[in-house]
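Step one of this worksheet: look at the structure below.
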Amino acid sequence: MRFEKIIGHDSVKQHLVRTVQDNRVSHAQLFLGPEGSGSLALAIAYAQYINCEDKREADSCGVCASCRKYEKLIHPDLHFSYPFFAKSSGEVAINYIEAWRQAFTENPYLGMNTWRQQFDAQNKQANINIAEVHDIIKKLSFKTFEAEYKVLIMWLPEYLDTQGNALLKLIEEPPEKTLFLLVAENQDRILNTIISRTQLVKIHKLSHTDVDRYLTKEKGVDPLKAGEISFLADGNLQSALELLHSDSNAYFDLMIQWLRLVVTDTGLKLIQLSEIDFPKLGRENQKNFLMYTVGMMRQIVLKSQGLESLIFLQDKELDFITKFSEIFTLEQLSAGVDLLEKTHYAVERNANAKILFLDLSLQLVLLFKYKTFRQEADSIYI
């Protein structure tokens with residue numbers, strides 16, 4: 001993975017290159033960025049640049065022996081750790097390395113749920129277990145095979161439990177020429193003892209322009225459609241790709257049906273929709289539907305604030321947000337977005353869909369029909 005293949009993040013790329021050129025490579029770094037931002041791709045491109053045998057001014061050469069192995073993720077001094085769904089307590093990440101290589105090669109912007117789809121995970125919880133921690137310690141105790149640096153890239157250290165403390169001494173005092181690159185999405189879920197031992201590389205979500213350009217140039221998407229998707233995805237390229245392959249018309253029709261029942265407080269039909277129709281969608285479509293609805297709510301907010309130049313919708317969708325923006329207040333819309341995002345977060349973590357959508361529907365009834373704002377302590381998301 002070369003820097004030039006990663007969209008956006010020009011300032012981050014320049015910073016990473018300078019650390020190598022100035023010989024200021026920190027032995028433990030935390031690449032912190034939201035899902036779909038490309039933080040994992042940046043970490044791999046950084047490691048490739050560090051070990052490139054013929055570095056260019058701003059990127060690795062891409063053709064030396066080291067780069068060729070990095071491109072295929074098979075360099076003997078490049079190690080990966082990531083959450084997985086262990087079938088036994090002794091399994092480690094290397095048992096799933098072929099699936100990992102394939103998943104990243106197909107989509108360098110993958111998120112946890114894309115990774116989950118590689119397995120028959122059912123209701124299992126992914127984690128980085130103690131056997132994996134011991135395997136990391138063992139691997140990094142060996143000398144390098146051919147590169148200047150051994151590199152361990154850990155994707156989503158949030159899935160380390162307290163067993164991650166076994167890595168503290170190794171992170172603080174690693175063997176010579178050993179790098180830890182942690183790639184995370186949620187700093188609050190990482191052990192503080194690990195955060196304090198790493199140098200932060202902050203990666204922001206992609207701009208709408210970056211996502212729009214990727215969709216039009218790399219995927220050949222119609223500019224109008226690309227503009228709509230890039231706004232709805234809100235900087236998450238993984239979400240943009242999911243929306244690209246989804247049926248937005250079906251989501252729109254379902255959303256209209258649902259919100260009509262909400263604003264009229266049609267209880268029995270809401271229960272049926274929540275307990276039968278939404279669960280039938282399956283988790284990925286549930287996520288995409290919620291993300292689509294969040295995007296539409298944000299467009300309504302823009303319309304209500306007179307920011308028409310930022311609206312990318314057409315025809316029936318534009319007509320819908322125009323009418324909706326005239327009925328509800330900014331406070332109601334903002335609270336609605338917050339409820340939808342919390343439900344999306346819960347769906348990602350495999351919570352019960354019937355309970356989630358029924359609770360969400362009832363809260364939206366209170367919000368949009370009766371203008372009642374529930375206290376946070378009353379919510380099931382606590």
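Cβ neighbours within 10 Å, averaged per peptide: list 138-148, 171-181 in order, most packed at the top.
By packing density, highest mean first, the sequence is 171-181, 138-148.
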Exercise. Could you state the number of Å between the C-alpha centres of the stretch 146-176 and the stretch 270-333?
Worked result: 42
Problem set entry | Test item: Cα-centred dipole of the chain, Lys/Arg +1 and Asp/Glu -1 on Cβ, debye | 420
Problem set entry | 1.4 Å probe accessible area per residue over the stretch 227-382, in Å² | 46
Seminar exercise, completed: Rounded to the nearest 10 Å², the 1.4 Å probe accessible area of Arg68 is 130
Exercise. Among Asp210, Asp265, what's the order by accessible area (1.4 angstrom probe), most exposed first?
Worked result: Asp265, Asp210
For this session: Using a 1.4 angstrom probe on heavy atoms only, work out the carbon and sulfur share of the accessible area of the stretch 235-382 in %.
Result: 54
For this session: Could you pull out the pairs from Lys5/Lys72; Lys5/Lys55; Lys269/Lys316 whose alpha carbons sit more than 18 Å apart here?
Result: Lys269/Lys316
Exercise. Residue farthest toward the positive end of the dipole of the chain, with Cβ of Lys/Arg at +1 and Asp/Glu at -1: which of Tyr49, Leu364, Gly227?
Worked result: Tyr49
Problem set entry | Rounded percent of accessible protein surface that carbon and sulfur make up, the stretch 28-182, 1.4 Å probe | 49
Problem set entry | Largest-first ellipsoid semi-axes for the stretch 78-230, taking √(5λ) over the Cα gyration tensor eigenvalues, angstrom | 31, 19, 16
Exercise. Tell me, what HN-Hα J-couplings in whole Hz come from the Karplus equation 6.51 cos²θ - 1.76 cosθ + 1.60 at θ = phi - 60° for each residue of the stretch 7-19, using x for Gly and Pro?
Worked result: 7, x, 6, 4, 5, 5, 4, 5, 4, 5, 4, 5, 4
For this session: Note down the relative contact order for the chain as a percent, whole number, built from C-alpha pairs under 8 angstrom at least six residues apart.
Result: 17
Problem set entry | Dipole of the stretch 224-382, positive direction: furthest Cα of Val337, Ile271, Ile256, with charges on the beta-carbon | Ile271
For this session: For a quick protection proxy, order the peptides 358-370, 228-240 by their average other-Cβ count within 10 Å, most packed first.
Result: 228-240, 358-370
Problem set entry | Residue-by-residue Karplus 3J(HN,Hα) for the stretch 353-370, coefficients 6.51, -1.76, 1.60, Hz, glycine and proline x | 5, 4, 5, 4, 6, 5, 4, 4, 4, 5, 5, 5, 4, 4, 6, 8, 8, 10
For this session: Run through the DSSP bridge list for the chain and note the antiparallel percent, rounded to the nearest 5.
Result: 5
Problem set entry | Kirkwood hydrodynamic radius of the stretch 148-270, from inverse mean 1/r over distinct Cα pairs, in Å | 18.4
For this session: Enumerate the amide H contacts of Leu160 below 5 Å, restricted to partners 5 or more residues apart or on another chain; note that Pro and chain-start residues carry no placed amide H.
Result: Ile128
For this session: Between the alpha-carbon centers of the stretch 36-93 and the stretch 221-258, tell me the distance in whole angstrom.
Result: 31
Exercise. Can you pull the Kirkwood radius for the stretch 144-219, inverse mean 1/r over Cα pairs, to one decimal in Å?
Worked result: 14.8
Seminar exercise, completed: Volume per residue (Å³) of the convex hull spanned by the alpha carbons of the stretch 1-124 is 120
For this session: Lys and Arg at +1, Asp and Glu at -1: add these up for the other residues within a Cβ distance under 14 Å of Val211 and post the number.
Result: -2
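The values are calculated or read from the model by the stated rules, or taken from the named source; none is laboratory data. In this text the structure is predicted, and so the values were computed from the model without any measurement. Glycine gets a Cβ as well: all are built from the backbone with ideal geometry, and neighbour counts include every protein chain shown. Calculation scope for accessible area: heavy atoms of the full protein, side chains included, ligands and nucleic acids excluded. Shrake-Rupley method; radii C 1.70, N 1.55, O 1.52, S 1.80 Å.
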